[in-house]
1. Please identify the pairs in which a residue from the stretch 135-153 that is at positive phi has its Cβ atom under 8 Å from the Cβ atom of a residue that is away from ligand 2 (no atom under 16 Å from the Cβ) and outside any helix (DSSP H, G or I), counting only partners at least 6 apart or on another chain.
2. Which of the residues spanning the stretch 159-170 are open to solvent by less than 60 Å² (accessible area, probe 1.4 Å) and either under 23 Å from PHE206 (Cβ atoms) or among the aromatic types (Phe, Trp, Tyr) (or both)?
3. Which fully enclosed helices (runs of 4 or more DSSP H) of the stretch 1-117 have 3 or more residues being surrounded by fewer than 21 Cβ atoms within 10 Å (Cβ to Cβ)?
4. Can you go through ALA58, ALA51, ALA38 and tell me which one is within 13 Å of ligand 2 (Cβ to nearest atom), modelled with pLDDT of 95 or more and over 19 Å from GLY130 (Cα atoms)?
5. Considering (1) open to solvent by less than 30 Å² (accessible area, probe 1.4 Å); (2) outside any helix (DSSP H, G or I), say which one LEU179 fails and leave the rest.
6. For the stretch 125-158, give me each residue that is open to solvent by 50 Å² or more (accessible area, probe 1.4 Å), out of contact with any Ser or Thr (no Cβ under 9 Å at 6 or more places or on another chain) and either away from ligand 1 (no atom under 11 Å from the Cβ) or assigned to a loop (DSSP other than H, G, I, E, B) (or both).
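The values are calculated or read from the model by the stated rules, or taken from the named source; none is laboratory data. On a predicted model such as this, the values are computed, not experimentally measured, just so you know. A quick note on method: Cβ atoms are made from the backbone with ideal geometry, for glycine too, and the neighbour counts reach across all protein chains shown. Surface accessibility is based on the protein's heavy atoms, side chains included, excluding ligands, DNA and RNA. Shrake-Rupley method; radii C 1.70, N 1.55, O 1.52, S 1.80 Å.
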Amino acid sequence: MTIIDKTCLFVEKKLAGDGSGHDWWHIFRVWNSAKNIAQQEGANLLIVELAALLHDIADWKFHDGDDSKGPQLAEQFLLQNNIERQVIDPVIDIVATISYKGAGVPTPMKNIEGQVVQDADRLDAIGAMGIARAFAYGGHKNRLMYHPEEKPVLHQSFEEYKKNNGHTINHFYEKLLLLKDRMNTATGKQLAEDRHSFMETYLNQFYREWDGTA
Ligand code: ADP
Ligand code: NI
């Protein structure tokens, strides 16, 4: 069995049953997008694939805000499988730094492999898939879909962003609609365009139906 096959099995088992939009199929889509972008951008495929597969292995949202758990688990798994440090180090660095942390918080990636995986992860947070995941996450957290009087907040720190528990439509303004301009690679930027305009169309229709005018 290849290390990629082993990683798939490990991750699939670990994320089984997740109902928050971080399930295996999110990983599967990110992995596929990441391979596609990596080929266009000439990134190291082994690092990209391992990081894409391991990137949500222990998200802070489900570990009391602890964001060191993911990289730790990823490192442990890779060491057990005798992967060399030259590959482990960039992979765990990507796992540690990939996440969105609020509208006003920059999240730069150190190398092309990180840029590719972050783009792939962000593509799955926008477009049709992103809309589905946002409402799945909101439902999982018992959030309202929308409240016309509660306005979005552009968070200036990760702490503030973590504490937020507003309705799901606000999340579009606090994250999803901002991602297009934060894509790293030319390929990622291009793929984000269609997904972004799909969300704009969706929101227009959402408000028209909310008001009873459509
Ligand atoms: P990242 O991959 O940048 O860490 P997240 O793990 O924060 O992204 O988000 C995973 C999914 O959950 C995304 O599709 C995201 O939009 C959704 N999500 C995160 N926070 C919220 C929220 N407050 N309301 C609705 N959806 C959310
Ligand atoms: Ni993810």
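1. none
2. Quick first cut of the stretch 159-170, residues open to solvent by less than 60 Å² (accessible area, probe 1.4 Å) only: 161-162, 164, 166-170.
Correct list: TYR161, ASN164, GLY166, HIS167, THR168, ILE169, ASN170.
3. Working: elements: 3-15, 24-41, 45-54, 69-80, 85-97.
So the answer is 3-15, 24-41, 69-80, 85-97.
4. Details: ALA58 fails: modelled with pLDDT of 95 or more; ALA38 fails: within 13 Å of ligand 2 (Cβ to nearest atom).
Among ALA58, ALA51, ALA38, only ALA51 is within 13 Å of ligand 2 (Cβ to nearest atom), modelled with pLDDT of 95 or more and over 19 Å from GLY130 (Cα atoms).
5. Condition not satisfied by LEU179: (2).
6. ALA128, ASN142, HIS147, PRO148, GLU149, GLU150, LYS151, PRO152, VAL153, LEU154, GLN156
Conditions (1) polar (S, T, N, Q); (2) under 14 Å from the mean Cα position of the chain (by Cα); (3) modelled with pLDDT under 95; (4) over 25 Å from ASP23 (Cβ atoms), marked per residue:
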| residue | (1), (2), (3), (4) |
| --- | --- |
| ASP89 | no, no, no, yes |
| GLN115 | yes, yes, no, no |
| MET145 | no, no, no, no |
| LYS175 | no, yes, no, no |
| PHE198 | no, no, no, no |
